[in-house]
Amino acid sequence: MLVIGKKLVPVTQTMPLTSLSGRGGFVSADTADIDRFEPVESVSIPDPTAYVVFDVNRGQDTLGVRPNDALVGGEPLLPAAGVALW
């Protein structure tokens, strides 16, 4: 999956381009600071402008699990990767 990083196009601009069941994507008011999100220390991104991610796990098996507990055995997706996955 090709991820276009926030340095090239912020998530607040790419999320509205997504859709599900005919409804457009959006950034809610409580995550309006999403463009400032940074990766956790354990995640390194080779080129923050654009990068490729392989074998993405959408986390279906960790729905309803606290974020820190869900990280066991995996790495979190950055918001830009979430938009690319959508």
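Any read-out appearing in this document is the output of simple, stated calculations on the displayed coordinates, not a laboratory observation. Computed from a predicted structure; not experimentally measured. When we count neighbours, we look across all protein chains shown, and the Cβ atoms used for this are built from the backbone with ideal geometry, even at glycine.
Observations on the model:
- Rg and Dmax of segment 2-85, Cα atoms only, in Å: 13.3, 37
- Across the chain, Cα pairs under 8 Å and at least six residues apart give a relative contact order of 50 percent.
- Cα-centred dipole magnitude for segment 2-85, charges only on beta-carbon of K, R (+1) and D, E (-1), debye, nearest 20: 300
- Gap separating the Cα centres of segment 40-56 and segment 66-86, nearest whole Å: 11
- Range in the chain, longest, excluding exposed trypsin sites (Lys or Arg not before Pro) [loop by DSSP; at most 14 other beta-carbon atoms within 10 Å]: 8-57
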